[in-house]
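Chemist: Take this structure first; my questions come after.
The values are calculated or read from the model by the stated rules, or taken from the named source; none is laboratory data. Keep in mind that what you see is a predicted model, and the values were worked out from it rather than measured. Every residue, glycine as well, gets a Cβ built from its backbone with ideal geometry; the counts of neighbours run over all protein chains shown.
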């Protein structure tokens with residue numbers, strides 16, 4: 001699922017009738033259950049993180065060969081491992 005190929009949903013707040021556009025963040029992988037797109041989150045100045053730019057995941061070395069195909073299609077440039085210090 002690329003950044004231009006995802007369902008979007010409109011959520012209306014019943015208290016003030018404001019509308020928020022949201023989309024599924026989870027990338028459907030067989031062995032990557034927590035692989036998510038960080039796009040859409042609000043940043044400073046009313047700007048938002050672009051979809052398809054930053055992803056987060058758990059154990060990426062455990063991805064299956066089948067999972068590698070869509071992940072490779074994201075053309076990731078950097079991979080950071082945020083591990084606790086021992």
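Chemist: If you take the residues in region 66-86 that are without any contact (Cβ under 8 Å) to a residue 60 or more places away in the chain and in a helix (DSSP H, G or I), which one is nearest to residue 54 (Cα to Cα)?
Modeler: 71
Chemist: Go through the residues of region 13-21 one by one and say whether even a single one is at pLDDT 85 or above and within 17 Å of the chain's Cα centre (by Cα).
Modeler: Within region 13-21 (the criterion being at pLDDT 85 or above and within 17 Å of the chain's Cα centre (by Cα)), the answer is no, since none of the residues qualifies.
Chemist: Could you pull out the residue among 23, 57 that is farther than 23 Å from residue 80 by Cβ and surrounded by 11 or more Cβ atoms within 10 Å (Cβ to Cβ)? Explain how you work it out, then say what you get.
Modeler: Numbers: 57 fails: farther than 23 Å from residue 80 by Cβ.
Going through 23, 57 in turn, the sole match is 23.
Chemist: Then there is this: Residue 45: on the phi > 0 side of the Ramachandran plot and in contact with a strand residue (DSSP E or B) (Cβ under 8 Å, 6 or more places away or on another chain), yes or no?
Modeler: The answer is no for residue 45.
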